[in-house]
Structure formats: C-alpha cells, structure tokens
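Working notes, structure below.
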Amino acid sequence: MAQMLGPSGFLSNSSKKENGSSSTAGESSSTISARVKDIILDNSHPRFTEFGEWNSIGVIFFEIVANPEFATPITDANAYPLFPNIKHYPLKEEIVTLTRASDVNSEGSTTSISWYYFPPVNIWNSPIHNALPLIINPNSRTDDYQKADAGFVRQISDSSTNINLGQTFNENNTINNYPLLPYEGDIIYEGRFSNSIRLGSTVNNAKIPNPWSAAGENGSPIFILRNGQSSNQLNVEDNSNSWVPTLEDINNDKSSIYLTSTQQIPLLPASSREDSYRKSTPPEAVRTYSGEQIILNSGRLVFNAKNDSIILGAVKSIHLTSNTSVNVDGATQIALVAPKVYLGSTTGAEDIQLQSLVLGENLNVLLGEIASFLGTLNIAFQTATDATGAPIASLSAIACDAETLNKSILNIVNGKNLLSKQVKTI
C-alpha cells in the first residue's frame, strides 16, 4: 500500500492506481504546498516505464512542506503537470502548489482523481530557481540565505551553492543571469537561462529610464524577445549582484528581436557604409528612426527558404551593406532591372567618369562589318596602281596594316572574346 494524501492534505493509505497517486473516490478538491524531490524528464528515469513511459514526462515526486499536522513522511507521492500546453517544469527542491482533479481513470469512475501541480511558487522572486530545501534549523541558513528585516532572503554573493537542483541544472552556470526590471503594465516571460519575452510599452516618465523610451508616445506597445544576456549589463543599480534587475540591451545581448511602434532603438550598426546612396537619399539610421520597425540583432543571421523564395520588399529602398563584401551567387541567373544600374561606383559626372555599358552583340556585329571592310581595303590597296600602271607604294604599306587588323578583329568576332557569358544588359 502506498502512502497517499487524503482530504486537506492528510496522509491516508490507498491502492496506487495505474497512472500515479490517485486519491480515493469522493474526496473534495483542495490545494496544498509540496517540495519537489524528483521529476521524470526522459526515459533514463528509473520510474519512466512505471508511470506510462513518454506519458510520464513531467511527473514529480514530492514531500509536503513541513507542517506539524503531517507526522508521517510521504515516500511515494506523485503529481502531474496541470497545464497541457505550457511546460514549466520545476527543479528539485522548488515548491509547487498541488490540486486534485479528474485523471485517466475517470472514464470508469467519475470520482477518480489525481494530484496535479501548478508552476513553481515564486519563493525568492528569481527567474533562475526558487528552491527551498528543508532546513530544520533556520539559524543554519548561511551562504545562500541571508537575514533581512522582512525575514530570510536568498542573495548568493558568489558562485557557491550546496543545493541539488537536478541532474544537469547547475546554478554555478546561471548565477549571473539577472531578472528583468518590470514597468507598469508589462507582461514578462523569463526563462531560467537569461532568455525572455517582454510585452511592454514606452515609459518616458519612469524613475528608472530604459533604452527604448527616449522617444515616442507614452504607452506605445513594444515587443522584445531576447536570448542571452551579455557580461556588460544595464543593471538598475551600480553593482553586479545577481538579484538586482537589469534591462534589455540590444547592442550587448546575445540575440534579440524588437517589434516597435513609436520607439527609437539605439542599435549600433555593424556597417555604416552608404556609398551606394550618392545618387539618392539613404534610409534614416536605425538609432534615430522612431516608428514601426522590426529589428533582428545577433552574431549571425540566417534566412533559409527550403521550399520556395525569400522576398524582400520596400516602398523606398533595400540597403545591403558590409565591412568586407557583398556576394551574390545564382545557379541560373542574376537579374538586375532598373532605369539605371551603377556598377563599381556612383562617383563622377555622367557620360564622363560614369559611362554606359556596351551592347555586346551589337558591337560584335559592327566589328564584323569593320573587319569585312578592312579585308576589302586590303585587296583594293594591294592592287591599286598609278596612271603609269605601277603599284602605289603608300597604299601597299597600308594594305599590309589593314590585313593584320582584319585578322585581329575577325578573331575577336568569331571567338566572341568581348562578350561576357554572365552579364547581360538591354
């Protein structure tokens, strides 16, 4: 017989059902706090098969948070995630709230219920973890737990910790992940690894200013998706304690997506070259533009359309700039269509420094006609005589040059040596 939680959290003995720690029929619904002692996350867990193989993912094993009412320790209590489409699984030693609801056996018995758990309780107000290990003597809380006027608070001042949070989760690798500072009305989703989503707005009258509210209308929406904080944090206080909130920093965070409405985003461009706009007006810089825009910033961007096309469209212009090179490869063709196409430079006067491309096939035909005419001149000059019937020496010399030039031009025309096989124009 496995030990089960009875009404209001009291222990009772009941047969363990196939899907876990179902409560006995007819028990009323209640909630209770529990400390997570283990969790099934993959098929390496020793109880993976017992609790339904892949259907067991997220099952926790818990103990009731210390309470004088519970004299008997719980050794085999388990609970399932409450939400089917949100996977916010707890770490070991985190506190969760349990509730009871219908389980898989409800088809045969409408009163069959099991324990389900909500996401971890925000014990320490930390997105990293909120573990609360059982410590019999509160006075022994050192290192991780410090005494404050309002009670014990968790403020780790170095990378040390003695808490076993799981098999792979290591607080030493996440201790420098800072929580985000909220503003009025914000909805923020934070992961444990400095990844976050902020559904916020312009707040230009806040006591602590932020990088996106220097311009724009107060209350204008902004969406910020960030993955990975940098080592150069915008902490709201002049210190680097991990419990002090920070703000998003588009120039130093690892990867970011910003969806703006009226804000100016102080992005430092990787390349500021605008030479191609000498004949037109360049777009307004990102950091001074205040309006609707989507900004992607990371160490590398990859756009890959595996089935169809990448389509870039703009009312004004599309600017490609790089500090090294801009390369375009086409397996079949590269098409540039515009009233004017500048290759190489836009500097200089039209028709003097900036000259037009030649129509190659037309030039080839013309060169062929010139070669044919030089051949005719060659024969005419070689056979030309004066009034006495003697050859004209000056024309004979020119005939030799005409023949040489005729052969050179014919080689070019016949071999199409001046025609590019890759670049076409109209």
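Contact annotation: residue pairs with Cβ atoms under 7 Å, 6 or more positions apart or on different chains, pairing a residue in the range 108-121 that is more than 20 Å from PHE51 (Cα to Cα) with a partner that is part of a loop (DSSP other than H, G, I, E, B), are THR111/ALA25; THR111/GLY26; PRO119/HIS88; PRO120/PRO90; PRO120/ASN130; VAL121/ASN130.
Exactly one of (1) surrounded by 10 or more Cβ atoms within 10 Å (Cβ to Cβ); (2) part of a loop (DSSP other than H, G, I, E, B) is unmet by ALA402. Its number? Unmet for ALA402, out of (1) surrounded by 10 or more Cβ atoms within 10 Å (Cβ to Cβ); (2) part of a loop (DSSP other than H, G, I, E, B): (2). Remark: pairs (first residue in the range 327-349, more than 11 Å from THR425 (Cα to Cα); second residue among the hydroxyl-bearing types (Ser, Thr, Tyr); Cβ separation under 8 Å; 6+ apart in sequence or on different chains) = TYR342/SER276; THR346/SER276. Screening SER242 with (1) touching a residue at least 60 places away in the same chain (Cβ under 8 Å); (2) loosely packed, with under 10 Cβ neighbours inside 10 Å gives one miss only, at (2). Within the range 147-167, can one find any residue that is of a type in the set (Val, Ile, Thr), modelled with pLDDT under 85 and within 27 Å of the chain's Cα centre (by Cα)? So far as the range 147-167 goes, no, none of its residues is of a type in the set (Val, Ile, Thr), modelled with pLDDT under 85 and within 27 Å of the chain's Cα centre (by Cα).
Whether any residue in the range 268-282 is under 29 Å from GLY348 (Cβ atoms), touching a residue at least 12 places away in the same chain (Cβ under 8 Å) and touching a helix residue (DSSP H, G or I) at 6+ places or on another chain (Cβ under 9 Å) is what I want to check. Checked against the condition, which is being under 29 Å from GLY348 (Cβ atoms), touching a residue at least 12 places away in the same chain (Cβ under 8 Å) and touching a helix residue (DSSP H, G or I) at 6+ places or on another chain (Cβ under 9 Å), the range 268-282 yields at least one hit.
Modelled with pLDDT under 90 and not in a helix (DSSP H, G or I), is that true of SER356?
Values: modelled with pLDDT under 90: yes; not in a helix (DSSP H, G or I): yes.
Yes; evaluated as a whole, the condition is true for this residue.
Only one of the listed residues (GLY313, GLY389, GLY375, GLY330) is assigned by TED's automatic domain parsing to the domain that holds PRO282, more than 25 Å from THR281 (Cβ to Cβ) and small (Gly, Ala, Ser). That residue is GLY330. Just one of the listed residues (ILE257, ILE250) is assigned to a loop (DSSP other than H, G, I, E, B) and under 17 Å from the mean Cα position of the chain (by Cα), namely ILE250.
Hey, among the residues in the range 170-182 that are over 16 Å from ASP249 (Cα atoms) and either of a type in the set (Ser, Thr, Tyr) or surrounded by fewer than 17 Cβ atoms within 10 Å (Cβ to Cβ) (or both), which one's modelled with the highest pLDDT? Write out each step before concluding.
Taking the range 170-182 as the starting set, the residues that turn out to be over 16 Å from ASP249 (Cα atoms) are 170-175.
Retained after the next criterion (residues that are either of a type in the set (Ser, Thr, Tyr) or surrounded by fewer than 17 Cβ atoms within 10 Å (Cβ to Cβ) (or both)): 170, 172-175.
Values: ASN170: 75, ASN172: 71, ASN173: 69, THR174: 72, ILE175: 70.
Restricting to residues being over 16 Å from ASP249 (Cα atoms) and either of a type in the set (Ser, Thr, Tyr) or surrounded by fewer than 17 Cβ atoms within 10 Å (Cβ to Cβ) (or both), the top hit is ASN170.
Of the residues making up the range 183-216, those that are surrounded by 13 or more Cβ atoms within 10 Å (Cβ to Cβ), of a type outside the set (Lys, Arg) and part of a loop (DSSP other than H, G, I, E, B) number 17.
The values are calculated or read from the model by the stated rules, or taken from the named source; none is laboratory data. Remember, it's a predicted structure, so these values are computed and weren't measured experimentally. Note that each Cβ is placed from the backbone with ideal geometry, even for glycine, and that neighbours are counted across all protein chains shown.
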